[in-house]
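Notes follow once the structure below has been shown.
A short reminder: the numbers here are calculations on the coordinates, not readings from a lab. Only a predicted model underlies this, so the values are computations on that prediction, with no experimental measurement involved. So basically every Cβ, Gly included, is an ideal-geometry build from the backbone, and we count neighbours across all protein chains shown.
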Amino acid sequence: MALTPVVVALNAAGAPIARRIAVALDCPLHGRAGRTGAEITFPDALVHVRDLFAAGHPVIGVCAAGILIRAVAPILTDKRMEPPVLSVSDDGRVVVPLLGGHRGANRLARRVAEVLGGTAAVTTAGDVALGVALDEPPPGYALANPEDAKPVMAALLSGGGARMTGEALFDLPPGDAVEIVVTDAPETGGPDRLVYHPMRHVLGVGCARDAAPEELWQNACAVLDAAGIAPGAIAAIATLDLKLDEPAMNALARRLDRPLRAFTAAELAGIAVPNPSEVVRAEVGTSSVAEAAALASTGGGLVVPKRKTANTTAALARAAEPIAVPKGRARGRVSVVGIGPGQSGWRTPEASRLVAEAEELVGYGLYIDLLGPLAAGKPRADFPLGGEEARCRYALERAAEGRNVALVCSGDAGIYAMGALVFEVLERGDLSDAARRVEIVCTPGVSALQAAAARAGAPLGHDFCAISLSDLLTPRDDILRRLRAAAEGDFVIAFYNPVSKRRRTLLAEARDTLLRHRPADTPVLLAASLGRPEEMIRYRRLDALDVEEVDMLTVVLVGSSQSRLMPTGDGPRMYTPRGYARKMTGGDLAGAVE
């Protein structure tokens, strides 16, 4: 999905211009803390711009171009996927699109220049010479062969002209050097021929429960073939809301790279269709799914009536104009996001992107706060500690309404966090029907275990395990049994939830149990508030581990009998050798020929 641009101001001189842009474009203004009057602030410009860019936000920086370039340079990848980055002078006279010409940067630069009465310094050859970007068609149109846009543009820039077939989508000099084709039909493009499809058609589909994706795909292809319509001319896939979680439906949408949209039975039941079915009405509450959904999406007429296979139906309808924003409700999504320990540099680009795409954030308030400016301006639902199940239910039910919701967790969402609970709540079955059909996306994060280990050195170099000492969810006897097994197995152990205000004894019991199996001087790492300004790293001997030094924000990492604490010029470092010395002298590599 296209994300909202963010205007970034770095100093007081550029702040008024930045605010004018933000107001005109109705987008958020972020400002350097202590230097601007922006409501949303950040401490480090390079990190902040990089985070916004990685999340997919177009960035309009009222600052020197070099600052923006240095910020995003380390993460540049595919120019066809990168969001626009614009540099605006402090006085607003010059707007320079630096990146994202393939994603609307030039158009955005002209819009900003118009607002400011300045000049858009567009340098893309096609835009400069011809005033068009051939790989950026207008909304509602799709370019079938984007890989050929470069040679076609090169031919035009060399003085050649274009022959228009179908609608005149661009104003280009006439000639025969290249051909620009605008058509609903399947056409083959090439280095001298670009094919554009107006997305006027919607494919309405239905299927039996757990129908084979290939069967629906073949039916859809047969409908398109019968109509002579190219897949690129499809604006959306439409169906009944009860079918939003069908694998066949979602596979079809992914394969066509088009959005899946749905309507309720009541919405579809009021639409007259040529092939109603009383059997279907008795089953789902409407006499038509494929035909009615296609008609509801387009407001037009059927091109191909319902075509049936053993387990699927498909129909095609055409709208009067290209469809830029499809009708119907999207399948809701819950992104279970682990944001790491809190430092933005330890947050994965995928996590940032899912947060940026989300329409609402749900989670423990502190965790949402740790997102900083990335969360600013978004609707949020804060839940207290202890409200974990309520968080999951709320996120699922909001997604059931078609929303894109991010369930925000610290660390890795699948490690002692909300990931498992989301699926547990889903499996119980006491949610609304719509909530059970939402999409669940899980993304990894940097766990406290990983962050602590990185700060220490390499204590997880050999076998390790993690044990939560909280007996709120796990019976105390089970915790002690696992602790004894880990002690006997000589694992490096990361203790999560080591203590709380009322629970102070299990960590001491763990220490005493471990002392029966490993040396008294076994190194122990106490890591608190990792990645935050108040971060604290301390080392202790196992026999000197004091429960009073530990709080609920501390990760306790106890070495195995082989773990070492060695002095370095940067302070002590903890590591656990894996056995490479043994391997070289008498193990697998002994006697290997160089």
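For segment 447-591, the dipole from Cβ point charges (+1 on Lys and Arg, -1 on Asp and Glu) about the Cα centre works out to 120 debye, to the nearest 20. Only helices enter this figure: runs of n ≥ 4 DSSP H residues, each worth -39500 (n - 2.57), summed and divided by the residues of the chain, yield -8500 deg cm²/dmol at 222 nm to the nearest 500.
For the chain, what proportion of DSSP beta bridges, expressed in % and rounded to the nearest 5, is antiparallel?
Working: 40 of 100 bridges.
Percentage antiparallel, nearest 5: 40.
Once the Cα-Cα distance is subtracted from the 0.36 nm per residue extended length, the residue 390 to residue 4 segment shows a gain of 136.0 nm.
Give the peptides 467-478, 112-123 in descending order of average Cβ contacts within 10 Å, highest first.
Values: 467-478: 14.3, 112-123: 17.1.
Ranking, from highest mean packing down: 112-123, 467-478.
Since only 408, 421, 370 are under comparison, the one whose Cα sits farthest along the positive direction of the charge dipole of segment 332-446, derived from C-beta charges on Lys, Arg, Asp and Glu, is 370. If you fit an axis through the alpha-carbon atoms of helix 476-488 and take the longest principal axis of the Cα set of the chain, what angle between them do you get, 0 to 90°, nearest 10? Relative to the chain, helix 476-488 is tipped by roughly 80 degrees.
Could you tell me the calculated FRET efficiency between residue 245 and residue 515, based on Cβ-Cβ distance and R0 = 56 angstrom, to the nearest 0.05?
Details: r = 52 Å, r/R0 = 0.93.
Calculated transfer efficiency: 0.60.
May I ask you to list the residues of segment 45-71 whose amide nitrogen lies under 15 Å from a point 7 Å from Cα along the Cα→beta-carbon direction of residue 13? Those under the cut-off are 62-67.
Which order, highest average first, do 316-323, 22-29 follow once you tally other Cβ atoms within 10 Å for each residue and take the mean per peptide?
Numbers: 316-323: 19.6, 22-29: 16.9.
Highest mean packing first, the order is 316-323, 22-29.
Here the simple spin-label model places points 7 Å from the Cα toward Cβ, and for residue 282 and residue 77 these points are separated by 5.2 nm.
If packing is taken as the average count of other Cβ atoms within 10 Å, what order do 30-42, 267-279 fall into, highest mean first? If you can, show how the numbers build up before the last one.
Numbers: 30-42: 18.5, 267-279: 15.3.
Put in order of decreasing packing, that is 30-42, 267-279.
Relative to the dominant Cα principal axis of the chain, helix 15-25 is inclined by about 50°. Here the dipole of segment 214-326 is about 180 debye; that uses its Cα centre as origin and unit charges on the Cβ of Lys and Arg (positive) and Asp and Glu (negative).
Indicate, rounded to the nearest 5 percent, the antiparallel portion of the DSSP beta bridges found entirely in segment 6-123. Each step should come with its number before you reach the end.
On the way: 4 of 20 bridges.
Restricted to segment 6-123, the bridges split so that about 20 percent are antiparallel.
Between the alpha-carbon centres of segment 261-297 and segment 506-520 there is a gap of 66 Å.
Is any residue of segment 527-555 close enough, with backbone N under 17 Å, to a label point placed 7 angstrom from the Cα of residue 504 along the Cα-Cβ axis, and if so, which? The answer is 545-554, whose backbone nitrogens lie closer than 17 Å to the label point. Computed over the Cα atoms of the chain, the ratio of the radius of gyration to the Kirkwood radius (Rg/Rh) comes to 1.05. Each of 459, 558, 544 was placed along the dipole of segment 438-594 (beta-carbon charges, centred on the mean Cα), and the one lying farthest toward the positive end is 544.
Placing +1 on the Cβ of every Lys and Arg and -1 on the Cβ of every Asp and Glu, with nothing else charged, gives the chain a dipole about its Cα centre of roughly 840 debye. Ranking 277, 472, 447 by Cα position along the charge dipole of the chain, where only Lys, Arg, Asp and Glu carry charges on their C-beta atoms, puts 472 farthest toward the positive end.
Rounded to the nearest 10 degrees, the angle from helix 247-256 to the longest Cα principal axis of the chain is 60 degrees. Note on residue 165/residue 26: beta-carbon distance plugged into 1/(1 + (r/R0)^6) with R0 of 25 Å gives a FRET efficiency of 0.05. What residues of segment 359-388 lie in the reach of a label at residue 47, counting those whose backbone N is under 12 Å from a point 7 Å from the Cα along Cα→Cβ? Only 371-373 fall inside the zone, counting backbone N under 12 Å. For the chain, the relative contact order works out to 8 percent when only alpha carbon pairs closer than 8 Å and six or more residues apart are counted. Kirkwood radius for segment 332-446, taken over all pairs of different Cα atoms as the inverse mean of 1/r, rounds to 13.5 Å. Looking at segment 201-329, send over the antiparallel percent of its DSSP beta bridges, to the nearest 5. Here the antiparallel bridges make up roughly 60 percent for segment 201-329.
Measuring r between the beta carbons of residue 471 and residue 578 and using R0 = 25 Å, the FRET efficiency lands at 0.15.
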